[in-house]
Amino acid sequence: MKENISIDELIMQVLAEKNLETIEQLVKLVQQKSDFSEKQILKCILSLQSEGKIKLKGASPAVKSSTCPIIISKIYWYLTTLIFTGITVFLVLQVPENAYPFVYVRYFFGSFFVFLMPGYALIRALYPAKRLGSFERIGLSICMSIALVCLDAFLLNFSPWKITVLSLLLSLAASVYAFATIAFLREWQALAH
C-alpha cells in the first residue's frame, strides 16, 4: 500500500475490491492494509456514509458492536492489573515463608508481579493508543519491570524505609496502580476523541 494514500481513498478502494455489508468488516480490512487506528477509520466511514458516498447495511449495530469490545478491553486489562496487584500484596503480607504449599502460590504471584506488572503498566501508560504486538509488549514489559525494580530498590536504599520486602512491595504496588491509572485515563481519553 502507498504511504501517502488517504483514508477516504483506501476505504473506497477496499469497498470496490470486496462487497462488504457491515462497518465491522470494512474496518478490519482497512486496518489490515494500513496503519490507521480503528477510531480514525470509524470516523471516516461515518463521514462518508453521512455524505451518501457509501452505503452499508446495519451501520448502527456494526458501530456499536465494533466499539463495545474496545471499551470492554480497556476496562478488562485495567481491572485485571489492579486485582492481580491486590492479590499479590495480600499473599506477600499474609502468607508466611514456612506455610507450605501456600508459599508457592505467593512465589508464583510475586514473580509475575516483579518481572511483569510494573513494566506492563508503564508501557500501557507510555503507549496508550499505539498498537504493540504481544511479543513486543511482553518483551518491553519485562525489560522495564527489571529497570523499575532496580530503580525502586536504589531509591529505597537512600530513604528512611530502606530495602525491605514490605517497602519494596508497597512502592512497586503504588507504581503499578499509578501507571495503570494513567494508562487507563489516557486510553479512555484517546477513545473519546
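We did not get these values from a lab; they are worked out from the coordinates using the rules stated. Please read these numbers as outputs of a predicted model, since none were measured by experiment. As a convention, Cβ positions derive from the backbone with ideal geometry for all residues, glycine included, and neighbour counts pool all protein chains shown.
The angle between the Cα long axis of helix 59-94 and the longest principal axis of the Cα atoms of the chain comes to about 0 degrees, rounded to the nearest 10.
For the set K18/K74; K55/K130; K53/K74; K18/K130; K18/K53; K74/K162, the pairs lying more than 24 angstrom apart at their alpha carbons are K18/K74; K55/K130; K53/K74; K18/K130; K74/K162.
For region 88-193, chymotrypsin sites (Phe, Trp or Tyr not before Pro) meeting the loop criterion (DSSP other than H, G, I, E, B) and having at most 15 other Cβ atoms within 10 Å: F158, W161. For the chain, take the longest principal axis of its alpha carbons; what is the angle in degrees between that and the long axis of helix 165-192, to the nearest 10 within 0 to 90? Approximately 10 degrees, to the nearest ten. Equivalent-ellipsoid semi-axes for the chain (Cα gyration tensor, √(5λ), whole Å, largest first): 45, 17, 14. Which trypsin sites (Lys or Arg not before Pro) from region 6-49 combine a DSSP loop assignment with at most 14 other Cβ atoms within 10 Å? Here the sparse-neighbourhood loop sites are K18. Looking at region 88-193, the trypsin sites (Lys or Arg not before Pro) that sit in a DSSP loop and have at most 12 other Cβ atoms within 10 Å of their own Cβ are K130, R131, K162.
Exposed loop sites, defined as GluC sites (Glu not before Pro) outside DSSP H, G, I, E and B with at most 15 other Cβ atoms within 10 Å, are absent from the longest region of the chain, namely 98-193.
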